[in-house]
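The values are calculated or read from the model by the stated rules, or taken from the named source; none is laboratory data. Only a predicted model underlies this, so the values are computations on that prediction, with no experimental measurement involved. FYI the Cβ positions are ideal-geometry reconstructions off the backbone, even for glycines, and counts take in every protein chain you see.
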Amino acid sequence: MIESVLVAEQRPSANVVALPARNRKLDQWICYWSIPFFYSAFSLIFVVLGGIMPPQSPTASPAEIVAYITRPDLSVGMALLALTLGLASLSSGVIVVQMKRMEGVSPVLPYAYLAALAVAGVPGCLFPAFMFSLGALRPDYSAKIHVMLYDFGFLSFVGSLGCFIVQYLVFAIAIFLDRRGIFPRWLAYFTIWALVTELVAVPVWVTRTGAFAWNGMLSFWLGTAIFVGWEFSLCICLHRAIKDQPLGELAQGATSV
Amino acid sequence: MWFFVIGDLWIFACYFIGYSYDRAHDASAFLDGQRLLSPGMGVLNTAILLTSSLFVALCAQATRAGDITIASRFIALGGTCGAAFLVTKVIEWHAEVSAGFPPSTYPFFTYYFTLTGLHFLHVLLGLLILALGWRELRKSTKPRAEFVEASATYWHMVDSLWIAIFAALYLMR
Amino acid sequence: MNTRDQSICLWLVPFFGALFLVGFRACPQFFLSMSPTMTAEQVATFYRDNLGAIRTSMILLNVIGIGFLPFFMVIVAQMMRMATPSRAFAYSYLSAAASGGTLFALANLAWLNAAARPERDPQLTMLLNDLGWLSLVAPVGFIIAQNLCLALSIYMDARPKPVFPHWVGHFNVVTALLMGPGAFAIVHKSGPLAWNGWLSLWVRMATFAVYVAVMFLVARSAIKEQTVEESFSVPPGVVA
Amino acid sequence: MTAYLRSSLTVVWFLLVAVTFVSWWVGTGGGRGGSDVSVSITIAVVAIALLKTRFVFSHFMEVRTGPSWLRASCNGWLAGVALILLAFYEYRLQAEHFR
């Protein structure tokens, strides 16, 4: 049974180009360093330019909404987002590589992670971008259309839950099953908290005031705090995982089809 | 496991901050909502969870003493009580929803459903962990006491959280 | 390779499946016959009257929306075990499954947004409602592509004992055909092909339910098969 | 099994259940009915919950025999939660007083 990708990667093949040892992790490091770069761009766009984080008030009046959504800053932010969005996929690339190294984990979990993130990008990030760009493009839409775009933008930004839940779920399961300890256990526990905070965002669909509204202390702030903590921990663990990966494990040009 | 337990406790503490803060701002509305709960059900829930905690604690003792058969029986009893808790909770929710207290009518009920719902998920996860502990006791030739102890620790945390929720949601005035 | 994670993903199916059934049963759009011929006013009234049920069921479906994704990845992993010339179909299946899940998320968000502000202008509620229906019912292309890729892989599987039996290939072709008519909900506002018609909605939903149930069973036996096979084979490192 | 049931844990369990009933009785107004704001009831109820959780931590979770950082963090959490519940409660009373 030569099913595992790992085996195929280890098998030397005729058209191998031997890379110098110091370059063998180059692709992973590029993906890795895209994460801080992406999140800097992300915070510039969402916090500084867009005013999307922290979210605007769910109870804003139509006039306030129109004023917010037609701000030029927002449209510049959305254009930058359209430009840099693809960086989000680079991080899943390197995480999948590390997940595939795990022992006791078949490709199922890394692929589910990949697919869940591919889904999540659309409702969690692209929809808000579409909605706000639409509003910014045409200030002369009627106010009620701006209100709809605003609702749709913020609610899909804060309230798209299922895709992230699956992503966290498969990641935590993979860490627990892994017998090689690629990622530490505590990262799995942290991932479960992140999963739970997604669930706590459920009331944003029902309530517009208080701690569970889309800008509320529990639905937004606690969830964001835990997400930021999770992302930092992930970066630390990922850094260690790439650094500790033995060079002999790395592909030298041949891959399985 | 201790990392998870302590962290989880603090995350719940954040929910308590939100609850107390909002409650302080709209005390009478919260009290109106609270009056609609049945504290009797809360007492029943607490008693069930305390009992299950007792069984799980005894299981940890028995595991350390090497009485594996007895330990596995205790952990099964604890799990059964946990399942009973879930059943009573679902009955209670059903009664409340059919009596017409959707989360949006009273701010209190948003917290009530979120906190009890989260706790419900913890119980589910706890049951899964207890089941893994049970399997360790039944299947493994030499069960790891630390594994069983870790699952017991998690279960007691679920119990402690419920005690705090019970006081904050059902009884506090 | 270990099959434990595949079993875990497999057993997520009954869990999420049960929740899906609850969610769909609780959803008034399906069971109170929401017709495409309704006027904007009627749609807005429908949302106002059934607000609680729409929100509850849609929130549930939001949370569990792509719960079957890990299961589809189990099928991908099984497709990779097949003795096919390359893994092209497996990768296509993966990408189609992810895109199909995205469309479900889109439908769900559109309906949730329609219910988020019941006092909205009826025209806009109708727009959101239509967006939800069309993105749920019409884009059957991804699930059809998924099923056909799987069917072709099964037909091409040259193993002496195939990963999935031959009939599963036929079954996938048939289910793809049964789900196909949904696409025409874009053209029809009444009759069996409208989005609430028996062909577009009910046959399609029933087919999907049967499909998941059958694939659950065959995937289960394929995983068992894999476990047995691997316990007799040499560890991967030795082969290399 | 009965040998284990005769341990001190069972006594702790019995006390905890008994105290739960007491807090029910206190929380519903001590038999006097009524369900208005009450400082004394709230303080009593939170104190009982604190006590119960502490017992669960120390006896069931066996924090008692654990390292000092563990004891400290568990006690810290208990104090923190009690403080949160009561401090905001007190804040509300003050706010109402000045209204």
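Taking D:ALA47, is it free of Cβ contacts under 8 Å to residues at least 60 places away in the same chain, more than 7 Å from every other protein chain (Cβ to nearest Cβ) and over 23 Å from B:ILE11 (Cβ atoms)?
So D:ALA47 fits the description; yes.
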(message) Need the failing condition index for A:PHE154 against (1) over 25 Å from B:CYS14 (Cα atoms); (2) in contact (Cβ under 8 Å) with a residue 60 or more places away in the chain; (3) not small (Gly, Ala, Ser), just the number.
(response) (1)
(request) Kindly indicate the residue of segment B:97-118 that is more than 11 Å from every other protein chain (Cβ to nearest Cβ) and within 17 Å of B:TRP162 (Cβ to Cβ) and also modelled with the highest pLDDT among those meeting that condition. (result) B:THR116
(message) I'd like to check which helices (runs of 4 or more DSSP H) are fully inside segment C:33-84 and have at least 3 residues that are more than 30 Å from C:ASN172 (Cα to Cα) and touching a residue at least 24 places away in the same chain (Cβ under 8 Å).
(response) C:40-49, C:51-64
(message) Out of D:PHE60, D:PHE21, D:PHE14, I need the residue that is of a type in the set (Phe, Trp, Tyr) and more than 7 Å from chain B (Cβ to nearest Cβ). Which one?
(response) D:PHE14
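Listed residues C:ARG4, C:ARG87; which is more than 26 Å from C:LEU201 (Cα to Cα), of a type in the set (D, E, K, R) and modelled with pLDDT of 90 or more? Step through it out loud before you land on a result.
Working: C:ARG4 fails: modelled with pLDDT of 90 or more.
The match here is C:ARG87.
Can you spot a residue in segment B:124-146 that is polar (S, T, N, Q), surrounded by fewer than 21 Cβ atoms within 10 Å (Cβ to Cβ) and under 14 Å from the mean Cα position of the chain (by Cα)?
Scanning segment B:124-146 turns up no residue that is polar (S, T, N, Q), surrounded by fewer than 21 Cβ atoms within 10 Å (Cβ to Cβ) and under 14 Å from the mean Cα position of the chain (by Cα).
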(request) Please give the number of the condition B:PHE85 fails out of (1) closer than 30 Å to D:THR2 by Cα; (2) within 13 Å of chain D (Cβ to nearest Cβ). (result) (2)
(request) Return only the number of the condition from (1) within 14 Å of A:PRO123 (Cα to Cα); (2) in a loop (DSSP other than H, G, I, E, B); (3) of a type outside the set (D, E, K, R) that A:SER156 does not satisfy. (result) (2)
(request) Output the residues belonging to segment A:202-253 that are within 30 Å of A:PHE183 (Cα to Cα) and within 11 Å of chain B (Cβ to nearest Cβ). (result) A:VAL202, A:LEU218, A:SER219, A:TRP221, A:LEU222, A:GLY223, A:ALA225, A:ILE226, A:GLY229
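Conditions (1) modelled with pLDDT of 90 or more; (2) more than 10 Å from chain D (Cβ to nearest Cβ); (3) assigned to a helix (DSSP H, G or I); (4) surrounded by fewer than 19 Cβ atoms within 10 Å (Cβ to Cβ), marked per residue:
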| residue | (1), (2), (3), (4) |
| --- | --- |
| B:PHE3 | no, yes, yes, yes |
| B:ILE6 | no, no, yes, yes |
| B:ILE17 | no, no, yes, no |
| B:SER20 | no, no, yes, no |
| B:ARG23 | no, no, yes, no |
| B:ALA29 | no, yes, yes, yes |
| B:GLN34 | no, no, yes, no |
| B:GLY42 | no, no, yes, no |
| B:THR46 | yes, no, yes, no |
(request) Determine if segment C:87-101 includes at least one residue that is at the interface with another protein chain (Cβ under 8 Å from one of its Cβ atoms), more than 14 Å from the chain's Cα centre (by Cα) and buried (at least 20 other Cβ atoms within 10 Å of the Cβ). (result) no
